[in-house]
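Trainee: One structure follows; several queries about it will come next.
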Amino acid sequence: MKKKIIRISTVPMSLSGLLTGQLKYMTNYFEVVGISSKGGDKLQNVSNQENIRTIPVELKRQISPINDLITVWKLYKVLKKEKPFIVHSITPKAGLLGMIASKFAGVPHRLHTFTGLIFPTKRGFIKKLLISTDKILCSCATQIYPEGQGIKNDLINYKITSKPLKIIANGNVNGININHYNSNNFDENFISNLKKEFSISEKDYVFVFIGRLVKDKGINELISAFNELNSNLENTKLLLVGDYEHDLDPLKKKTLNIIKTNKNIISTGWVEDVRPYFKISNLLVFPSYREGFPNVVMQAGAMGLASIVTDINGANEIIIPNKNGIIIPSMNKDKLKQAMLSFYNNEIIINSKTCRELIVNRYEQSILWKAQLNEYNSLK
């Protein structure tokens, strides 16, 4: 009989997106069960996609002591019934509540992967609260996995835990499907038609950002830098691929106005497949304030695209300066503008083949899946 692994995330999109294919791969060796909020049909979609059984338990991202206690109790009852060999959580709230419930339920191996830390960018009471909750999480877990070296350093420097911290393979939680993220998947006719759709000419130099359009992603600085750059260089375009979050982390009104009025800024909204937008672009610009291990930078590299990234966790591990991109300080519009101009003027030249090779050799999906499997098999 196969041993049972339960993977827990706050929302089903984390199971289906962050762990695409990995859960199905693990079913060759373990019985795999997914737990997350129902999210309409999304949790069932995870079940269909990964060929695993799923169990809905409502987890709320917001801090809510009463709801969180109820969730811990519900998780405890599920875990007592399921009797898993391993519970492995991902995302902050699922980690905290999942590890507490797992400890009370007597699960022998309680694993959590930190995909990003929120508290380093916070202040005051919220920062202290978030540090405290991460300490509780770690005290309940038996194994802790930072997604990358930057996260590991923060966990050590803030004294979150004294337990051993292990990075799986070269970092990241799922690696990159290098066959999927391959520029050869798109023919010239498709790309030509997509460019026409967005009025992009062959002479245009296209910067692209892919992700949530919020303050913490550095969008205010990006829009300001591009707007100044574009005023002198008309044959430049900026593609913004992603959704706005007006309630949680809104952009400045000035930023929104520039996006609305600058005809060379193209906002596509959320898209199902980001690969064509890499293909029609010259450079990824990713000026985020904080990350765990940003998939979009790896995706861009696999598609042969260089990146400008800020000096933050994960991004500064993926990018090797002047090999597959450059690293600049975060929250610095002038440095960002200068970097964008340097690429435009060919003062920085990055080889597309090298960009892809660096991702393939370090983050190809099978490398990480096998390393994660070896980690599970090492638990007795």
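Trainee: If the label point is 7 Å along Cα→Cβ of Met331, which residues in segment 197-216 have backbone nitrogen under 11 Å from it?
Mentor: Output list for this probe position: empty.
Trainee: Taking chymotrypsin sites (Phe, Trp or Tyr not before Pro) that fall in a DSSP loop and have at most 13 other Cβ atoms within 10 Å as cut points, what is the longest piece of the chain between them?
Mentor: On the way: sites that count: Tyr29, Trp270.
Counting at most 13 other Cβ atoms within 10 Å as exposed, the longest clean stretch of the chain is 30-269.
Trainee: For Lys335, list the lysines whose Cα falls under 17 Å from its own Cα; do not include residues on the same chain fewer than 8 positions away.
Mentor: Those lysines meeting the cut-off are Lys217.
Trainee: DSSP beta bridges in the chain, what fraction antiparallel, as a percent rounded to 5? Spell out each step's value before the answer.
Mentor: Numbers: 0 of 45 bridges.
Given both bridge residues lie in the chain, the antiparallel proportion sits at roughly 0 percent.
Trainee: OK, next. Report the full-extension gain for the segment Ser192 to Glu228: residue separation times 0.36 nm, less the Cα-Cα distance, to one decimal in nm.
Mentor: Numbers: separation 36, 0.36 × 36 = 12.96 nm, distance 2.79 nm.
Residue separation times 0.36 nm, minus the Cα-Cα distance, leaves 10.2 nm.
Trainee: Let a ≥ b ≥ c be the square roots of the eigenvalues of the Cα gyration tensor of segment 94-151; is it rounded (a/c under 1.5), or, if not, prolate (a/b larger than b/c) or oblate?
Mentor: oblate
Trainee: In addition: Hey, what angle do you get for helix 124-140 against the long axis of the chain, alpha-carbon based, 0 to 90 degrees rounded to 10?
Mentor: Computed tilt is about 50 degrees.
Trainee: Tell me, in nm to one decimal, what length is gained between Ile320 and Lys2 on full extension, where the rule is 0.36 nm per residue of separation less the Cα-Cα distance? Write out the running numbers ahead of the final one.
Mentor: Working: separation 318, 0.36 × 318 = 114.48 nm, distance 4.13 nm.
Full-extension gain reported as 110.4 nm.
Trainee: Which whole-angstrom value gives the distance between the alpha carbon centres of segment 107-140 and segment 320-380?
Mentor: Going from one Cα centre to the other spans 26 Å.
Trainee: If the viscosity is 1.002 mPa s and the temperature 20 °C, what translational diffusion coefficient in µm²/s does Stokes-Einstein give for segment 252-374 when Rh comes from Kirkwood over Cα pairs? Kindly include the intermediate steps, with their values, before the conclusion.
Mentor: On the way: Rh = 15.7 Å.
It comes out at roughly 137 µm²/s.
Trainee: Just to be sure I understand the curve: with the Debye formula and one point per C-alpha of the chain, what is log10 I(q)/I(0) at q = 0.13 Å⁻¹?
Mentor: Each listed q maps to, in turn, -1.09.
Trainee: Can you spot the lysines whose alpha carbon is less than 19 Å from Lys81's alpha carbon? Ignore those fewer than 8 places along the same chain.
Mentor: Lys2, Lys3, Lys4, Lys103
Trainee: Counting other Cβ atoms within 10 Å, which GluC sites (Glu not before Pro) in segment 171-276 have at most 15 and lie in a DSSP loop?
Mentor: Details: sites: Glu188, Glu197, Glu202, Glu221, Glu228, Glu234, Glu245, Glu272; in loops: Glu202, Glu234, Glu245, Glu272.
In loop regions of segment 171-276 (DSSP not H, G, I, E or B), the sparsely surrounded GluC sites (Glu not before Pro) are Glu202, Glu234, Glu245, Glu272.
Trainee: In addition: Hey, got a sec? Which trypsin sites (Lys or Arg not before Pro) in segment 199-297 land in a DSSP loop and have at most 12 other Cβ atoms within 10 Å? Please list the in-between numbers first.
Mentor: Numbers: sites: Lys203, Arg212, Lys215, Lys217, Lys237, Lys252, Lys253, Lys254, Lys260, Lys263, Lys279, Arg290; in loops: Lys203, Arg212, Lys252, Lys263, Arg290.
In loop regions of segment 199-297 (DSSP not H, G, I, E or B), the sparsely surrounded trypsin sites (Lys or Arg not before Pro) are Lys203, Lys263.
Trainee: Provide Rg over Rh for segment 131-259; use the alpha carbon set for both Rg and the Kirkwood Rh (inverse mean inverse pair distance).
Mentor: On the way: Rg = 20.8 Å, Rh = 18.8 Å.
Here the Rg-to-Rh quotient is 1.11.
Trainee: By a straight-distance test (C-alpha under 20 Å), which lysines pair with Lys166 as possible cross-link partners, with residues fewer than eight away in the same chain excluded?
Mentor: Result set, ordered by chain and number: Lys135, Lys152, Lys370, Lys380.
Trainee: For the Cα atoms of the chain, what angle does the longest principal axis make with the long axis of helix 365-377, in degrees from 0 to 90, nearest 10?
Mentor: Approximately 20 degrees, to the nearest 10.
Trainee: Where in segment 301-330 does the amide nitrogen come within less than 19 Å of the point 7 Å from the Cα of Glu357, taken along Cα to Cβ?
Mentor: Of the residues in segment 301-330, 301-307, 318-326 have backbone N under 19 Å from the label point off Glu357.
Trainee: If you don't mind, there's one more thing I want to ask. Gain in length, Ser183 to Gln338, computed as 0.36 nm per residue apart minus the alpha-carbon separation, to one decimal in nm? Don't skip to the end; give the middle numbers.
Mentor: Numbers: separation 155, 0.36 × 155 = 55.80 nm, distance 2.77 nm.
Gain in length upon complete extension: 53.0 nm.
Values quoted throughout were computed directly from the atomic coordinates according to the rules given, and no laboratory measurement underlies them. This is a predicted model, so every value here is computed, not measured. Because the Cβ atoms are built from the backbone with ideal geometry, glycine has one as well, and the counts that use them run over all protein chains shown.
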